[in-house]
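Inspection log for the structure reproduced underneath, given as structure tokens.
The values are calculated or read from the model by the stated rules, or taken from the named source; none is laboratory data. Quantities reported herein were computed from a predicted structural model and do not represent experimental measurements. Every residue, glycine as well, gets a Cβ built from its backbone with ideal geometry; the counts of neighbours run over all protein chains shown.
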Amino acid sequence: MKTQADLRSDFVMPRAKINGFFDEFPWLQNFYRQYQSDQHKFNGLIDQIYVSGVEPALLEQRPELLGYDEDDDYLCCEKIWLLDKFGSVVAFKTWDLVCEKRFIWFGKKFYRNVDVLQEGLVEPNECVNDALHRLRDSANEVYFILSYFDVNKAVIIYRPPKEMSIMKVIKYKRKLNLENARLEIRAECNAIDAEFISSMGFPEDLLTY
């Protein structure tokens, strides 16, 4: 699985190949234009584009953090978005209960519901799994994960197999990894038993594990 840490900041991909990626993923051009005007989200040009598969390790990935500003806020150059199959940022509205007063210094407290928009942008203090958890059931709508790092001017599109969501792929690969781990443990146990039986001079047919 490719990450921004694997890339060189001085590499510039041929423009023809970059245009080929825009043709392969038509939504990428619109996405870039939408966020390019916001320097806090998508600042700079695109010199590199890559496509990577989806692995369970992607869940633990956090945005690359370069340091802090004077107010100790995060200066995070990598941005990671969770996108649906059309390349739109996955989001849903929820609500929160807020306690307020009609006047600052006096008056009774009252509570009201406030709409809160949960957006599929991975925050600097969370990992991809945290962002998916925030999206609740909407996490099943995530089909692409897009990373942009303005140091490398690079885009990485994490893409599952066709017609599969990110969550389905991760669940399948977790199950496969667990089955492989069980097979390895069983093989190690068999080897221990075989070594013991051989050292004791017992017939090999006693190995029934």
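What the table below lists for this structure:
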| quantity | calculated |
| --- | --- |
| Check on residue 71, over 30 Å from residue 25 (Cα atoms), at pLDDT below 80 and assigned to a loop (DSSP other than H, G, I, E, B) | yes |
| Tally, over segment 135-191, of residues that are polar (S, T, N, Q) and surrounded by 13 or more Cβ atoms within 10 Å (Cβ to Cβ) | 5 |
| Any hit, segment 110-129, residues being at pLDDT 70 or above, surrounded by 15 or more Cβ atoms within 10 Å (Cβ to Cβ) and part of a helix (DSSP H, G or I) | yes |
